[in-house]
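> I am attaching a structure below and will ask some questions about it afterwards.
The values are calculated or read from the model by the stated rules, or taken from the named source; none is laboratory data. Treat the numbers as computed from the prediction; the structure is a model and nothing was measured. Using ideal geometry, Cβ is built from the backbone for each residue, glycine included, and neighbour counts are taken over all protein chains shown.
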Amino acid sequence: MMRLVRGLVAGWLLLLAFAQVVGLALVWWIFIRTPRGQVLDASVLRASTIGRSQVEDLVNLILNAVTVVSLVVATVAIGFVAVARRRYRLAVVATLLVVGANVTSQVLKRFLIERPDFDIAGTNIGAPNSMPSGHVTVAAAITVAAVLVLPSRLSGPTAVVGAAYTALTGIATLSAGWHRPSDALASLLIVGSWAAGGGYLLVVAQRNQPVSEPADSHHRTVAILALVGGSLLAVAVLATGLTDQGELTPPVDLDTSRLLGAYVAGATGVTGATFLVMAVVLSTVHRVVPKLDQPRLIDTIAEHAPLQVKSST
C-alpha cells in the first residue's frame, strides 16, 4: 500500500512540475510576446508612480533585506537545520532547490528572455527585460526550503508567514517600479517547479528509508492558503477587466481609475499566486518529508548499555 501511495505522490509531483513549466511558458508568451500582455504589465508600472513617495521608505526596507549575503546565510541555515535533524538527503535537495531556482531566474533574465518593442507608448518604461524577479525568487525559494526542512509542527506557520513575506516582496518590486507583475509570477512558477522536482526526488528515495507514517498534513492551513489565494486571483481578474475594456489602450492614455484597477490586479494577482503556490507545497510536504522510524529510547539504551557480568556463586 505504501509503495502505491509513493508512486501516486511521485506522479503528482512530476505533473505539478510539468504544469508549472508550461505555466511559465504561458506567462512569458502572454506578457512579453503579445501587445496586450505588455500593455497590462506596463499599466501596473505606470500606476505604481501614484503615491510612490508615501511608501518609498517601507518599500526600500523590504527590498534591501534581500541581498546576496542574506541568501547565502539563509541557505546555510536551512542546510544546517536539515543536517541537525539527520536528514542529509533533504539538506542536499533543499540547498539545490534554492540555488537552482535562483540560477534559473538569473539565466532566463540575462541570457534567454528578450522583450520585443511593439511601439506602444508607455510599454517601454522600466527595464528592457525584468523577467523573472530575483527578489521574489529568493523570498519564495527560502520559504519553500524552510517549509521542507523544519519540523512538521512549524511547517504550517512558516508557509503562512513566508507566503505573506514573499507576496509583500513582490508588491514592493511593483511599487518601486523595478518589476512587472509577470516577473513575480514567473519567479513563483520557477520556484514551484524546482520544489516539485525536488519533492519527486525525495519521494523516490523513500524506498530505502524506514518510513513509519506521514507527518501532519496541515489540511486546515492548506485550505486557508488556497481559499485566500483563489479569492485574490478572482479579484485580480475582475480588476483586470476594469483596465482592459476590450480596446488596446496605451498605458499613457489610461485615466487614474483604470490605472488603479491595473495596480490592484497586479498586486492581488501576485499575492494570490504566492498563496496558491505555498498551498500546493504544504499540501504534499507530509508525503515528501514523512516521519522516519526511530528506535524506542529504551531499546537504544539497552543496545548501548554495557554488558553486566554475572557473578558466580
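> Is it true that some residue in region 27-34 is among the polar types (S, T, N, Q) and assigned to a helix (DSSP H, G or I)?
no
> Only one of 11, 23 is surrounded by fewer than 21 Cβ atoms within 10 Å (Cβ to Cβ), within 30 Å of residue 199 (Cα to Cα), in contact (Cβ under 8 Å) with a residue 40 or more places away in the chain and within 21 Å of the chain's Cα centre (by Cα); which?
Exactly one of 11, 23 is surrounded by fewer than 21 Cβ atoms within 10 Å (Cβ to Cβ), within 30 Å of residue 199 (Cα to Cα), in contact (Cβ under 8 Å) with a residue 40 or more places away in the chain and within 21 Å of the chain's Cα centre (by Cα), namely 23.
> Among the listed residues 284, 268, 249, which satisfies the condition of being in a loop (DSSP other than H, G, I, E, B) and of a type in the set (Val, Ile, Thr)?
Of 284, 268, 249, the one residue that is in a loop (DSSP other than H, G, I, E, B) and of a type in the set (Val, Ile, Thr) is 249.
> Just one of the numbered conditions (1) surrounded by 14 or more Cβ atoms within 10 Å (Cβ to Cβ); (2) farther than 28 Å from residue 42 by Cβ is not true of residue 73; which one?
All conditions pass for residue 73, except number (1).
> Starting from region 247-270, keep only residues that are under 9 Å from residue 47 (Cβ atoms), then list their pairs with residues that are modelled with pLDDT under 95 and outside any helix (DSSP H, G or I) whose Cβ atoms are within a distance under 6 Å, requiring at least 6 positions of separation or different chains.
That search, which allows pairs on different chains as well, returns 251/122.
> Another question, if that's okay. I need the full set of residues from region 124-142 which are surrounded by fewer than 24 Cβ atoms within 10 Å (Cβ to Cβ) and either over 17 Å from residue 24 (Cβ atoms) or in contact with a helix residue (DSSP H, G or I) (Cβ under 6 Å, 6 or more places away or on another chain) (or both), in order please.
124, 125, 126, 127, 128, 130, 134
> Of the conditions (1) of a type outside the set (Asp, Glu); (2) farther than 27 Å from residue 198 by Cβ; (3) loosely packed, with under 14 Cβ neighbours inside 10 Å, residue 55 satisfies every one except a single condition; which number is it?
(3)
> Which condition does residue 33 not pass, out of (1) surrounded by fewer than 22 Cβ atoms within 10 Å (Cβ to Cβ); (2) over 23 Å from residue 122 (Cβ atoms), if it passes all the others?
Checking residue 33 against (1) surrounded by fewer than 22 Cβ atoms within 10 Å (Cβ to Cβ); (2) over 23 Å from residue 122 (Cβ atoms), the one that fails is (2).
> Go through region 176-188 residue by residue and tally those that are part of a helix (DSSP H, G or I) and surrounded by fewer than 24 Cβ atoms within 10 Å (Cβ to Cβ).
Total satisfying the criteria: 0.
To keep it simple, each residue is scored yes or no on (1) at pLDDT 95 or above; (2) crowded, with 21+ Cβ neighbours inside 10 Å; (3) touching a strand residue (DSSP E or B) at 6+ places or on another chain (Cβ under 8 Å); (4) part of a helix (DSSP H, G or I).
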residue: 15; (1), (2), (3), (4): yes, no, no, yes
residue: 44; (1), (2), (3), (4): no, yes, no, yes
residue: 50; (1), (2), (3), (4): no, no, no, no
residue: 60; (1), (2), (3), (4): no, no, no, yes
residue: 93; (1), (2), (3), (4): yes, yes, no, yes
residue: 105; (1), (2), (3), (4): yes, yes, no, yes
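> Could you please give the count of residues in region 224-246 that are farther than 13 Å from residue 44 by Cα and either of a type in the set (Ser, Thr, Tyr) or assigned to a helix (DSSP H, G or I) (or both)?
Counting residues in region 224-246 that are farther than 13 Å from residue 44 by Cα and either of a type in the set (Ser, Thr, Tyr) or assigned to a helix (DSSP H, G or I) (or both) gives 15.
> Here is a further query. Taking the stated definitions as given, is residue 76 touching a Phe, Trp or Tyr at 6+ places or on another chain (Cβ under 7 Å), in a helix (DSSP H, G or I), aliphatic (A, V, I, L, M) and farther than 23 Å from residue 286 by Cβ?
It is false that residue 76 is touching a Phe, Trp or Tyr at 6+ places or on another chain (Cβ under 7 Å), in a helix (DSSP H, G or I), aliphatic (A, V, I, L, M) and farther than 23 Å from residue 286 by Cβ.
> Going through region 76-91 one residue at a time, which ones are surrounded by 15 or more Cβ atoms within 10 Å (Cβ to Cβ) and touching a Ser or Thr at 6+ places or on another chain (Cβ under 9 Å)?
78, 79, 82
> Has region 204-223 got any residue that is small (Gly, Ala, Ser), at pLDDT 95 or above and either crowded, with 23+ Cβ neighbours inside 10 Å or assigned to a helix (DSSP H, G or I) (or both)?
Among the residues of region 204-223, at least one is small (Gly, Ala, Ser), at pLDDT 95 or above and either crowded, with 23+ Cβ neighbours inside 10 Å or assigned to a helix (DSSP H, G or I) (or both), which makes the answer yes.
Conditions tested, residue by residue: (1) touching a strand residue (DSSP E or B) at 6+ places or on another chain (Cβ under 8 Å); (2) within 30 Å of residue 150 (Cα to Cα); (3) at pLDDT 95 or above; (4) surrounded by fewer than 19 Cβ atoms within 10 Å (Cβ to Cβ).
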{"site": "234", "(1), (2), (3), (4)": "no, no, yes, yes"}
{"site": "239", "(1), (2), (3), (4)": "no, no, no, no"}
{"site": "248", "(1), (2), (3), (4)": "no, no, no, yes"}
{"site": "251", "(1), (2), (3), (4)": "no, no, no, no"}
{"site": "261", "(1), (2), (3), (4)": "no, no, no, no"}
{"site": "277", "(1), (2), (3), (4)": "no, yes, yes, no"}
{"site": "290", "(1), (2), (3), (4)": "yes, yes, no, no"}
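> Does residue 65 meet the test of being within 21 Å of residue 173 (Cα to Cα) and without any contact (Cβ under 8 Å) to a residue 60 or more places away in the chain?
Here the answer is yes, as residue 65 does meet what is asked.
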